[in-house]
Each structure stands twice: as structure tokens, then as C-alpha cells.
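Let me begin by presenting the structure, written as C-alpha cells, before commenting on it.
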Amino acid sequence: MSIMLYVEDNSIESPYLSRRFHEEIIEEAYFRFADFLTAEEMTVIHPNPYGEIVLGQRKTMSPEQLQTWMDQAARTVEGKMPFSEVEDFLNQFLIISHESADRERDPSHLLHALQRTAQYLTDNADVLPLVHTLHRSESRDDEVEYVEIDGIKGYVEGDIYYYKDYSAHRHQLHIRSYWEDSGKIDFYVDAQPEIVLDGQPYFVGTITKAEQFRPEFQVCYDFLQQAIRANKKVFWEIG
């Protein structure tokens, strides 16, 4: 699944937005929009599925119907059921529109919501997750994906916000082996500016989540500002 920002006639080049941006920012991986956005802003920043939008509810699902829907959704993800069957089932309960007029959004409203989100990341950088990277040069322009210890590859994981015990490792990198070497290397190292692993010196780079996603926020801003100047509505969808 990827998040898409576009205008209907494709007259403005759409930005590329990473899976990380979708999963961490739009899906609120380590913060809540409710803490700093209004209800209206939360509505505009949450994208709708590609080509459709839920306008309301016809009736409430029973627990049994909810389970049926969950089972169908799982089968769709596995490729065992066409999405159209899930959609037909949902249409019994939800009012779904495919009309552009219902799906399009005001670019100025989306721009404002994204800017407020980026500002929240900046203002709370001291408590939100950090991203650590390992480098061989002091310039820190040559990120290292793995180190070899006694001939075994230990992969460098410095963006581990999803760990259940993340707070204990916020200032650390996790070095671990996988596949046939799983478990042979598994340790944490403090994210000091300079460290030594297996006798080899390395340099650590650290950035905040605000810095990590600043380029993607900016390409959204650029696109939305073009749409505002062109007096065009935008689509903000997942597909």
C-alpha cells in the first residue's frame, strides 16, 4: 500500500512518498493527531482508499458480521478473494462514494494539517524516537548496513521505534544477525559519536524523526502550494 497525492488531470507532478512516511506519520506510529490537531484537521490528514470514500453508515455490523468482514479482508490480503467481494459486503453497511467531488480535498487545509504535524515532530524531538546510522568516515556520508564480526554479518538497526522496549534503547543501535546466522550476533551499542566494533572504528550519525521526514513533508508542501496557485482540489489516497 502506498499513499498518493495528486490532482485529477495530473497537471502537477505527484510527489513520491515512502512507505515509512505512510506507516509512521500518517498512521501515527509514535504520536496521536488528537494531541495537536482539531477534529477537522484529523479528518483531512487521514487519506481515503484509492478511488472511494466512506460518507456515512447505513447500519451497524453485528459481532458475527464484523468477524466475517475481518476474515474477508484477511483473505483479500492473501490474494484468496477479490477486493470487489469485500466491497460488496461493506456496501450493506457503509455509504461509499466513488465521485471525485466527494473524494477531493482543499489543498490549503491539507497543507495546514501537514505543517502542524511537522511542527509537532520538531517541538517534541526530545521525546520522540531517534534514528541512528553507522559510518566508516567522519563525514558520515557512507552509511554502513552491516558489520562483520568473526566473519558473521551483523546488520545495523538504528531506527527501532517499533520495539516494545524502545525507551530503553532510544540512544542505542542494535547489531544482530539473521537467517542461517540468527542469534549468533545480537547486542546493543550506545550511539556515541565514535565507537569501535571488532577492533574497527566507526562514526555514528543521529537525527530526529522531524529531520528524517523533512524532505517528504517539503515535497508535499511544494505540491500543495502549486495546487493552491492553480486553484485545483487534490486527492489524498491510499492504494
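Where a number appears in this text, it was derived from the coordinates with a stated rule and is not lab data. Model, not experiment: these values are computed from the prediction. Note that we place each Cβ from the backbone using ideal geometry, even for glycine, and neighbour counts take in every protein chain shown.
Please go through segment 144-181 and write out the trypsin sites (Lys or Arg not before Pro) that DSSP classes as loop and that have at most 10 other C-beta atoms within 10 Å.
Those satisfying the criteria are Lys164.
Which of the lysines could be linked to Lys209 by a straight reach, that is with a Cα gap under 26 Å, when you skip same-chain ones fewer than 8 residues away?
Lys164
Could you give me the percent of Cα pairs per 10 Å distance bin for the chain, shortest bin first, beginning at zero and ending with the bin that holds the maximum distance?
Bins of 10 Å from zero give 7, 23, 26, 24, 15, 5, 0 percent of pairs.
Add +1 for every Lys or Arg and -1 for every Asp or Glu among the other residues with Cβ under 12 Å from the Cβ of Gly154, and state the total.
Summing Lys/Arg as +1 and Asp/Glu as -1 gives -4.
Over the C-alpha atoms of segment 130-209, what are the Rg and the largest Cα-to-Cα span, Dmax, in Å?
12.2, 34
How large is Rg over Rh for segment 128-174, taking Rg from the Cα atoms and Rh as the Kirkwood inverse mean of 1/r across Cα pairs?
When Rh is taken as the Kirkwood radius, the ratio is 1.02.
Taking just the C-alpha trace of segment 53-97, give me its Rg and Dmax in Å.
Considering segment 53-97 through its Cα atoms, Rg and Dmax are 10.7, 28 Å.
Starting at the first residue of segment 159-174, write each ³J(HN,Hα) from the Karplus equation 6.51 cos²θ - 1.76 cosθ + 1.60 with θ = phi - 60°, in whole Hz, x for Gly and Pro.
Couplings: 10, 10, 4, 7, 5, 4, 9, 4, 4, 6, 10, 4, 10, 9, 9, 9 Hz.
What relative contact order, as a whole-number percentage, does the chain give when Cα pairs under 8 Å and 6 or more residues apart are counted?
About 29 percent, as a whole number.
Take the alpha carbon atoms of segment 1-51, find their center, do the same for segment 184-229, and report the distance between the two centers in whole angstrom.
Centre-to-centre (Cα) distance: 21 Å.
Grab every C-alpha pair in segment 1-90, bin the distances at 5 angstrom width from 0 up to the longest one, and report whole percents.
2, 10, 14, 17, 20, 20, 12, 3, 1, 0
For labels at Ser137 and Gln226 in the simple 7 Å Cα→Cβ model, what's the distance in nm?
About 3.3 nm separates the two model spin labels.
The chain: longest stretch without exposed GluC sites (Glu not before Pro) (DSSP loop, at most 13 other Cβ within 10 Å), sites themselves excluded?
Value returned for the longest uninterrupted segment is 146-239.
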